[in-house]
Structure formats: structure tokens, C-alpha cells
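For reference, the structure discussed in these notes is given below.
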Amino acid sequence: MLWQTYLLISSVLGIVRDSFTKKITQKIDPLVALFYFYITAIGAATLIAFYQYHVNPFLLDTTHGLARLFGVSFGIGVYGMFSAIKISLTKTQTFANYRNLISIILAYLVLGEIRQVNVYTILSLVIFVLSLVLPSVFNKQNVEEKKTSKEWTLWMILNIVFIGSGLFFVKLFTKTLLPIDVLVNQYLGSFTIITLIIVVRKISIKVVDLAILRLTLVNGVITAFSLFFLYQAIAMSQVSVITQVDNFVRTIFIAPIGLLVFKEHKAMKKMDYISLILALIGAFLLMFLVK
């Protein structure tokens, strides 16, 4: 199967996953959602590993241990993503394109996947900063709106830094491990850090809404398959190409879902729309880094 096919399947499942994530995080704490999410994600990925590829992802060697450690940092990024989506699916997906600045630059420095970091890199960085700060500078916000804006920015930074670098490390690990092997160990590490945060913060994992609990469990399975196909594509091609195309394609579909289906347009102001347009322009410029 071509990497483009794997990427297409991953992107479609990713659109479903992020839409479900928005609905889930409107009802329960993102940490609780992730706790149950990872249970079924680990289960689905493990079944694929054992029955489709006949590999044991639970080995205790150095490589598998490092993959689990990498999963810890990835889990922090996913926690940031879930928390940011809770506030705004539209903004989170649009700005998620900039996770690729991290993976692109790392791929350039370590793997030599890009001939040179050029003017598009600088333009993208400038546009990213502008699109991020313009709403907070020009929008008239009350105390609650300012608090929400700062909170979303913090979660988004965690998302961009940890998932962006994590996608790069996926490429490194798939040089020695099968993509499904990497995925199971990533989930194990992520589940560990999420569980630890829940214990330290003494958060109850009880979910009263059983429909949302079922949706969360289903979402874990969907995500396992989505990332499995994404990692298959990454193993076959340049990580910088795969991650940028995946995020940009999903943005085209997810942003309207956030605005129209989840009614996020009601909280949007003129400068917020300008910010989103700038962010999309910057994401488009990133395409020139991976052509």
C-alpha cells in the first residue's frame, strides 16, 4: 500500500477523532477522558501488534524502554491538545499545523530531510506569532475571556512543543521498531503520565454519563487505528511531508466543524477570524518547506 493511502485513512479517522474529542471534553475533564481513552487505545494497538504483525511490544530492552519514555512526553502534548480542544476545536486544529515547525526543523537538523531552512521558515514563524498574539492585543476582553485566552495559549504551547517533537521521534523509532510497536509503547508511556497526574491531583475517574464514557472508549480505538496508519506513512516517507499534509488536510474539514457544528463562531470576534486566516496562510507556507 502507498504511503498516500495510509495518510488518507489516517486523516479521515483523525477528523472523526478530533470531533469526538470536542464532544467528550465538553462533558468530562480532559484528564479523565484520556485515562479511559488510553485503555482502549492500548488494547486496540496491542491486538494489532500480536495478531497482525506477531510482535511483542512489551519487551524490556533499551529501545522499547526509550519508546515508552518518549510516550511520557507525548502524553503531555496530548493532554495539552485535549484541554485546548475543550476550549476551541477550531483554533486548536488551525494552530496545530505549527507543530510541524518543530518536527520540520528537527528533521532538517538531524535527518537532513530538507535541503535548507529558507525564507518560508521565517515567514511562517512571524505569521505564527502574529496570529497568536493579535486577538489578545486588539480584542476587547473581559476578565473571564482573558483567562480563557491565556489558558488556551498555554495548552496550545504544550501541544505544539511536545507533539511536534514527538512526531519527529516517531520517525527515529520506526527505523528500529515496527510502527505498531512504537504506537503501543507510546500509549503505555502516555497512560502512565496521565494516571500519575490524576493520582497526584486526586481527580475522580468516575464518569456519570455512560454515553460519553462509551464514546471515549470508542475514540481510543479510532485513534489507535488513525495513528497506526499515520506511523505507517511516516515509516515510508519524510516525516516533514507526512505531518504537514495530514494537519493541513484535517484543518480544512475540522475548522468548519468547530465553527458550525459546535457553534464556536458565537465566541469569535473579527480579530479571531483574522488570526485564523493568518494561521492558515502560515501553514500553507510550510508546504514549501516539504515539497
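The values are calculated or read from the model by the stated rules, or taken from the named source; none is laboratory data. Note that this is a predicted model, so its numbers are computed, not measured. So basically every Cβ, Gly included, is an ideal-geometry build from the backbone, and we count neighbours across all protein chains shown.
Here residue 155 meets the list (1) crowded, with 18+ Cβ neighbours inside 10 Å; (2) more than 21 Å from the chain's Cα centre (by Cα) almost entirely, failing just condition (2). Cβ-Cβ distances below 7 Å connect the following pairs, each with a first residue in the stretch 70-96 that is closer than 18 Å to residue 220 by Cβ, a second residue that is assigned to a helix (DSSP H, G or I) and acidic (Asp, Glu), and a separation of six or more residues or different chains: 85/18. Residues of the stretch 232-244 that are surrounded by fewer than 20 Cβ atoms within 10 Å (Cβ to Cβ) and either assigned to a helix (DSSP H, G or I) or without any contact (Cβ under 8 Å) to a residue 12 or more places away in the chain (or both): 236 alone. Scanning the stretch 245-288 for residues that are among the basic types (Lys, Arg) and either buried (at least 23 other Cβ atoms within 10 Å of the Cβ) or within 17 Å of residue 14 (Cα to Cα) (or both) yields one hit, 250. Total residues in the stretch 126-140 satisfying the condition of being surrounded by 15 or more Cβ atoms within 10 Å (Cβ to Cβ) and modelled with pLDDT under 80: the figure is 2.
Just checking, how many residues over the stretch 178-196 are of a type outside the set (D, E, K, R) and out of contact with any helix residue (DSSP H, G or I) (no Cβ under 6 Å at 6 or more places or on another chain)?
At the first step, the residues of the stretch 178-196 found to be of a type outside the set (D, E, K, R) are 178-180, 182-196.
Keeping just the survivors that are out of contact with any helix residue (DSSP H, G or I) (no Cβ under 6 Å at 6 or more places or on another chain) gives 178, 192, 195-196.
Within the stretch 178-196, residues that are of a type outside the set (D, E, K, R) and out of contact with any helix residue (DSSP H, G or I) (no Cβ under 6 Å at 6 or more places or on another chain) number 4.
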